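Below: the structure, in structure tokens.
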């Protein structure tokens, strides 16, 4: 005898109906039977919340209850999962998420800032309540990288995580190269195209990508998420000359995040780096994202896909919802929050070669002075080029052998003291990828 | 008051102690505390089985019970998960897997052949018993692609799945190009290096990769796994000339699997294809694997990593074990077996451009005859090159515009009838990636 019991639907409350929220509504509406078959139960939207109720979003919301206040939505008795797509590290997004956990809801969020700043507290609260927080959409858009790292590589001790995780920055850098345009022009283009956040420093200053790196580092190394320890350097100082010279030597410049556990602690960097043009990271064009995961058993895994946009981000949100519907309950950062260690921040722990670009005043012995400064700092030269010039200043490029950042900074101070620099030298790390 | 209850360990029985089995034992032994923290419970090996007990495998097996017979291992009362790493579509691997399911064990397997041929029956049996079969290691080694497709893209209708999933074939093809060596020489090299299966046709005939494609297709399209419907073509007919000429026109030759749902049914192909050299697939060198997943919301996701080897494959096996330990229970192919449709096999449904290489006898009007055959088959020419020659036969390359396979086959018959062919022409599909 078969008992015909319809499985209980999973009921969603969605806060935030921007591009991601409406993308999610579309998926739930268009793929209802497919989702139900895959999840083993129907997925239903019960209630939604956004700033302006009247706005036409191109999706039919008439079947859902409306809440003006996301906190009220989060506390509704008739939802199982609170889906937070508002953004912002504090304010309504944080209050609503805390309310949802306290009210016994699971949480799915695309909010990297919220988790990068309050992840440990939220994870602890969720676990105490027996609830989960999932955030696939917060890192690298549609790429299922949180899942790959937390679950797919769960048998590995992770040695390094790298990623190009801000599509806008990669768009700017690749567009500068392909069109031969200066940073300021392409920045303006990106702004006109609506690619930039309201505060563009979130993008070009590396903050947004830094949030994402901090989240991946917590999973990878079993440490409490620590965004403040991410060394941030934006792309604003990268010139078209740097991009050209790097290309000339077989490199591309990327805003690259690197998190690595060292003997001295956890190093987290989000900064412009040179990577070989033939590497998967070097070949990444435009707004696409890429994450590289390195584990002791698996070796190197590379994941590539759209890092933003309605469909890709909603796809990631939907994957989290499907996991909850299927009954998968993993701690927020892959281990119980109480097991996450407070890692010591290791600044500049990992040595690397550097690309140096400088303008030398056309004086006898100028280059010798530069070479002596490097030698005194214990830095040896791999390659050097001085270009012919008609200016008073001669462009000089140097690729060093592996050196510590401490030694590099000593050399940068030394350069200034030579009196032959026509402006501050540029130093960009070359990451072995 | 805290209740101190140690969580119940997950107990493994491992059948097969080759490179993957010993790799798994190493992970469980070396990372025990990390795995326990991530899984929320200890992971323990209870019993193992392999052909030769006495063999030194470089790992300490003394703490585990030994079974000469994997079927006996599968039925042991003291294991929760039967880990099948023996291989082979039938025989002991199949009997032991069936026994494990009947005895109420979850199953983790790296056995692509077993699932490609008996997946539907095994999935049905497992679901009836309330047990899961997981097979991350069966497809593309360490790349968490089964997880990405089944879970990470669970919100997507999948449109196409592609992959370079046999490292040996990709090694042979890229080595032919880089060293300028003929197929036979590199095949022998690969054989000497131990890269080839005991029956090399499993590799170079595309069978092994075809098994993997059939598994991905079942998940992607919600269809019953149907390896017999995979159109197989090996790499044995690819010459160094084809590789050079393809390169000359901006392409690489890959043994590429493509599964695609069309209006006429499910097309599954594993065959040599030309792909643009600048695409991620085109840039794949050596034994590395790559899988490309395309979904309606997420767009294109590319995954890259080691497709074989002890560590990577054991990493994938471990991920499945961790999911079971964490309580995740997804149906084998992502939907209940009863929901999987029996797809109509659509042979040659998707049109594509083709690369044609032929040797024309040096007769007046030879090229005109070839062009007429193409015209009569409704195939238009995108590019053509005739090379200067000192032989009696002139090498001619043609890249067609998009055409159906039916039209192409008509043209190939027509070519023979022209009487100007000095040997059979070669036709290789150009896949849009």
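The values are calculated or read from the model by the stated rules, or taken from the named source; none is laboratory data. If you're wondering where the values come from, they're calculated on a predicted model, not measured in any experiment. Using ideal geometry, Cβ is built from the backbone for each residue, glycine included, and neighbour counts are taken over all protein chains shown.
Take the conditions touching a residue at least 40 places away in the same chain (Cβ under 8 Å), farther than 19 Å from residue B:280 by Cβ, in a helix (DSSP H, G or I) and over 15 Å from the mean Cα position of the chain (by Cα) and apply them to residue B:122. Does it pass? Full working, then the answer.
Working: touching a residue at least 40 places away in the same chain (Cβ under 8 Å): yes; farther than 19 Å from residue B:280 by Cβ: yes; in a helix (DSSP H, G or I): yes; over 15 Å from the mean Cα position of the chain (by Cα): yes.
Spelling it out, residue B:122 is indeed touching a residue at least 40 places away in the same chain (Cβ under 8 Å), farther than 19 Å from residue B:280 by Cβ, in a helix (DSSP H, G or I) and over 15 Å from the mean Cα position of the chain (by Cα).
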Give the residues of region A:312-333 that are at the interface with another protein chain (Cβ under 7 Å from one of its Cβ atoms) and surrounded by 23 or more Cβ atoms within 10 Å (Cβ to Cβ), sorted by residue number.
A:312, A:314, A:315, A:318, A:319, A:322, A:323, A:330
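Suppose we filter A:141, A:88 for residues that are at positive phi and either touching a helix residue (DSSP H, G or I) at 6+ places or on another chain (Cβ under 6 Å) or in a strand (DSSP E or B) (or both); which single one remains?
On the way: A:88 fails: either touching a helix residue (DSSP H, G or I) at 6+ places or on another chain (Cβ under 6 Å) or in a strand (DSSP E or B) (or both).
That would be A:141, the only listed residue that is at positive phi and either touching a helix residue (DSSP H, G or I) at 6+ places or on another chain (Cβ under 6 Å) or in a strand (DSSP E or B) (or both).
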Given the structure, is residue B:73 under 19 Å from residue B:114 (Cα atoms), away from chain A (no Cβ under 14 Å), in contact with a strand residue (DSSP E or B) (Cβ under 8 Å, 6 or more places away or on another chain) and assigned to a loop (DSSP other than H, G, I, E, B)?
no
Could you tell me whether region A:37-51 includes any residue that is touching a residue at least 40 places away in the same chain (Cβ under 8 Å), more than 14 Å from every other protein chain (Cβ to nearest Cβ) and out of contact with any strand residue (DSSP E or B) (no Cβ under 6 Å at 6 or more places or on another chain)?
no
Do you know which residues across region B:175-193 are on the phi < 0 side of the Ramachandran plot and part of a loop (DSSP other than H, G, I, E, B)?
B:181, B:182, B:193
I'd like the residue in region B:77-97 that is touching a residue at least 40 places away in the same chain (Cβ under 8 Å) and under 23 Å from residue B:41 (Cα atoms) and, out of all such residues, is surrounded by the fewest Cβ atoms within 10 Å (Cβ to Cβ).
B:78
Kindly establish whether residue B:180 is touching a helix residue (DSSP H, G or I) at 6+ places or on another chain (Cβ under 8 Å), within 14 Å of chain A (Cβ to nearest Cβ) and either surrounded by 20 or more Cβ atoms within 10 Å (Cβ to Cβ) or more than 18 Å from residue B:83 (Cβ to Cβ) (or both).
no
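Condition test on residue B:234, is it crowded, with 24+ Cβ neighbours inside 10 Å, within 14 Å of the chain's Cα centre (by Cα), at pLDDT 95 or above and part of a loop (DSSP other than H, G, I, E, B)? It would help to see each step written out before you state the result.
Details: crowded, with 24+ Cβ neighbours inside 10 Å: no; within 14 Å of the chain's Cα centre (by Cα): yes; at pLDDT 95 or above: yes; part of a loop (DSSP other than H, G, I, E, B): yes.
Taking the combined requirement at face value, the residue does not satisfy it.
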Only one of A:347, A:341, A:357 is touching a strand residue (DSSP E or B) at 6+ places or on another chain (Cβ under 9 Å) and either crowded, with 24+ Cβ neighbours inside 10 Å or within 14 Å of chain B (Cβ to nearest Cβ) (or both); which?
A:341
Condition check: in contact (Cβ under 8 Å) with a residue 40 or more places away in the chain, within 14 Å of another protein chain (Cβ to nearest Cβ) and under 30 Å from residue A:229 (Cα atoms). Does residue A:28 satisfy that?
no
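Matching residues to (1) away from chain A (no Cβ under 14 Å); (2) on the phi < 0 side of the Ramachandran plot; (3) touching a strand residue (DSSP E or B) at 6+ places or on another chain (Cβ under 8 Å); (4) in a loop (DSSP other than H, G, I, E, B):
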| site | (1), (2), (3), (4) |
| --- | --- |
| B:7 | no, yes, no, yes |
| B:53 | yes, yes, yes, yes |
| B:58 | yes, no, no, yes |
| B:66 | yes, yes, yes, no |
Hey, could you check region A:238-263 for residues that are assigned to a loop (DSSP other than H, G, I, E, B) and in contact with a strand residue (DSSP E or B) (Cβ under 7 Å, 6 or more places away or on another chain) and say which is surrounded by the fewest Cβ atoms within 10 Å (Cβ to Cβ)?
A:250
Could you list, in sequence order, the residues of region A:351-362 that are more than 24 Å from residue A:216 (Cα to Cα) and assigned to a loop (DSSP other than H, G, I, E, B)?
A:353, A:362
Of B:214, B:220, B:209, the only residue that is buried (at least 20 other Cβ atoms within 10 Å of the Cβ), within 14 Å of chain A (Cβ to nearest Cβ) and at pLDDT 95 or above is B:220
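Quick check: is even one residue across region A:285-307 in contact (Cβ under 8 Å) with a residue 40 or more places away in the chain, more than 18 Å from the chain's Cα centre (by Cα), more than 23 Å from residue B:334 (Cβ to Cβ) and more than 11 Å from chain B (Cβ to nearest Cβ)?
No, the conditions are met nowhere in region A:285-307.
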For region B:305-350, name all the residues that are touching a helix residue (DSSP H, G or I) at 6+ places or on another chain (Cβ under 6 Å) and part of a strand (DSSP E or B).
B:306, B:345
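Just one of A:167, A:119, A:163 is within 13 Å of chain B (Cβ to nearest Cβ) and either within 17 Å of residue A:306 (Cβ to Cβ) or surrounded by 23 or more Cβ atoms within 10 Å (Cβ to Cβ) (or both); which is it? Please lay out each step first, then the result.
On the way: A:119 fails: within 13 Å of chain B (Cβ to nearest Cβ); A:163 fails: within 13 Å of chain B (Cβ to nearest Cβ).
One residue alone meets the criteria, A:167.
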Considering only region B:363-385, I want to know if a residue exists there that is at pLDDT below 90, touching a strand residue (DSSP E or B) at 6+ places or on another chain (Cβ under 7 Å) and part of a loop (DSSP other than H, G, I, E, B).
no
Only one residue in B:330, B:291 is within 16 Å of residue B:108 (Cα to Cα) and in contact with a strand residue (DSSP E or B) (Cβ under 9 Å, 6 or more places away or on another chain). Which one?
B:330
